[in-house]
Amino acid sequence: MNAFTSRLGIEHPIIQGPFGGGLSSVTLAAAVSNAGGLGSFGAHHLSPTQMREVIRDLQSATAKPFNINLWVSRYDPGAEETTAAHREDGLRQFGAIYERLGIEAPLMEPPDDFSFEEQVEVILETRPAVFSFVFGIPDVGILRECTRCGILTVGTATTQEEAAALDEAGVDMIVATGSEAGGHRPSFLRSAEQSLTGTLALVPQVRNVTRKPVIAAGGIAEVRGIRAAFQLGADAVQIGTAFIACEESNCPPPHREVLFTPSAARTQLSRRFTGRLARFMSTALLDELENSPVPALPFPLQASFNHTVKTEGVRLGDSSLLPLYAGQAALLIRHRKASELMGELITSLR
Ligand SMILES: Cc1cc2nc3c(=O)[nH]c(=O)nc-3n(C[C@H](O)[C@H](O)[C@H](O)COP(=O)(O)O)c2cc1C
């Protein structure tokens, strides 16, 4: 028992990181929670109705605590509406790729008709044990309401300064996510490019500014990383890439397969697939986009141009067309089942 496990009433200080944009699954989150860790579901892209369905499914799949994750900021400045200039810049980046694949340019979708606040209403109504968030800090009224409803709040810091702001705002626990991590760099006080502290340096910096439980994320895929994180002052770890590789995740199979190949050795940070900085395996497609003289569009407009390429990649089973999210620890991955990964971590921690 430590400050993290006792607060949640769970056995093991291991969180399966949430995956937004469709890679989370109820089966994966429930498997991790049922094994005594904390399963998570990334719901930032879901409407309130879809969120209610997922949470209902999770409640049927596990009686143990689980975590629902949202993005506090869902649009970059300038992305609230799509202009002709956006479309032109999107086509200048993606036009040759669409032509080569013989696919149509996407119709520009209107923005989602739901807000972060409406998504939070579902959290307050359904009361998951944990509500974690990235890309900012919810209003104090939301944090207070979560406390009143018995929901633990978990904020995410990419720098010491963000951790201090989360602590000051009154969140219950803080994820310290180093730049090794897979997925987006969820910075909110400075640009993501200015917030690239690695896990080894970040965890003790966050420990120094808060007495709350600290959760280390980024670059952890096996027991050596967990032990190192505890040594640095963390109370728990959040593991992402190693769980994406498990068959219970909703990762497209060609993406999962490359995680087990030597290509997993080369990852890079890029704004080219979504408009926000995220870590992916390096591919010829990403190189081509990075070489475009036209800058990436703001989030989520850039993602809407990439969406059709991704859909074609899934249809063809072609990993070279997918945004291959992966962290720097990908080469350490060995397990294809969440129960086996959890089993090994738990046994080795004893
Ligand atoms: C594909 C993908 C999507 C992710 N989406 C989210 C998200 O929506 N919200 C979030 O808090 N973290 C998200 N993450 C971060 C993970 O939850 C976790 O913190 C991170 O992957 C840990 O680093 P690792 O990949 O080195 O294990 C995502 C990670 C990946 C790989």
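The values are calculated or read from the model by the stated rules, or taken from the named source; none is laboratory data. These figures come from a predicted structure and were not determined experimentally. With ideal geometry, Cβ positions are generated from the backbone for all residues, glycine too; neighbour counts draw on all protein chains shown. Each accessible area value is taken on the protein alone, full model and side chains, heavy atoms only, with ligands, DNA and RNA left out. Shrake-Rupley method; radii C 1.70, N 1.55, O 1.52, S 1.80 Å.
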Does segment 10-25 contain at least one residue that is under 21 Å from the mean Cα position of the chain (by Cα), over 18 Å from MET342 (Cβ atoms) and without any contact (Cβ under 8 Å) to a residue 12 or more places away in the chain? no
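Only one residue in PHE243, PHE260 is more than 10 Å from the ligand (Cβ to nearest atom) and hydrophobic (A, V, I, L, M, F, W, C). Which one?
None of the others qualify; the one that does is PHE260.
Each row is one residue, and each column tells you yes or no for (1) more than 16 Å from the ligand (Cβ to nearest atom); (2) open to solvent by less than 20 Å² (accessible area, probe 1.4 Å).
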residue: VAL26; (1), (2): no, no
residue: VAL32; (1), (2): no, yes
residue: SER40; (1), (2): no, yes
residue: PRO65; (1), (2): yes, no
residue: TYR75; (1), (2): no, no
residue: ALA79; (1), (2): yes, yes
residue: PHE94; (1), (2): yes, yes
Can you confirm whether segment 4-18 contains a residue that is in a helix (DSSP H, G or I) and surrounded by fewer than 17 Cβ atoms within 10 Å (Cβ to Cβ)? yes
Which ones in segment 333-350 are assigned to a helix (DSSP H, G or I) and touching a helix residue (DSSP H, G or I) at 6+ places or on another chain (Cβ under 7 Å)? ALA338, SER339, LEU341, MET342, LEU345, SER348, LEU349
Does HIS45 qualify as being open to solvent by 50 Å² or more (accessible area, probe 1.4 Å), in a loop (DSSP other than H, G, I, E, B) and out of contact with any Phe, Trp or Tyr (no Cβ under 6 Å at 6 or more places or on another chain)? yes
Against the definition (under 22 Å from the mean Cα position of the chain (by Cα), part of a helix (DSSP H, G or I) and within 15 Å of the ligand (Cβ to nearest atom)), how does VAL206 come out, yes or no? yes
Residue tally, condition open to solvent by 20 Å² or more (accessible area, probe 1.4 Å) and under 18 Å from LEU8 (Cβ atoms), over segment 236-252: 1
Just the residues that are within 13 Å of PRO293 (Cα to Cα) and either among the charged types (D, E, K, R) or touching a His at 6+ places or on another chain (Cβ under 6 Å) (or both), please, taken from segment 89-105. ASP89, ARG92
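Among PHE243, PHE280, PHE299, which is the only one that is closer than 30 Å to LEU200 by Cβ, part of a loop (DSSP other than H, G, I, E, B) and of a type in the set (Phe, Trp, Tyr)?
Result: PHE299 is the single residue among PHE243, PHE280, PHE299 that is closer than 30 Å to LEU200 by Cβ, part of a loop (DSSP other than H, G, I, E, B) and of a type in the set (Phe, Trp, Tyr).
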Would you mind telling me which numbered condition in (1) closer than 22 Å to ILE174 by Cα; (2) touching a Leu at 6+ places or on another chain (Cβ under 9 Å); (3) part of a loop (DSSP other than H, G, I, E, B); (4) more than 12 Å from the ligand (Cβ to nearest atom) GLY36 fails? (2)
Go through segment 305-332 and give me each residue that's closer than 19 Å to ALA181 by Cβ, out of contact with any Phe, Trp or Tyr (no Cβ under 7 Å at 6 or more places or on another chain) and assigned to a loop (DSSP other than H, G, I, E, B). LEU322, GLY327, GLN328, ALA329
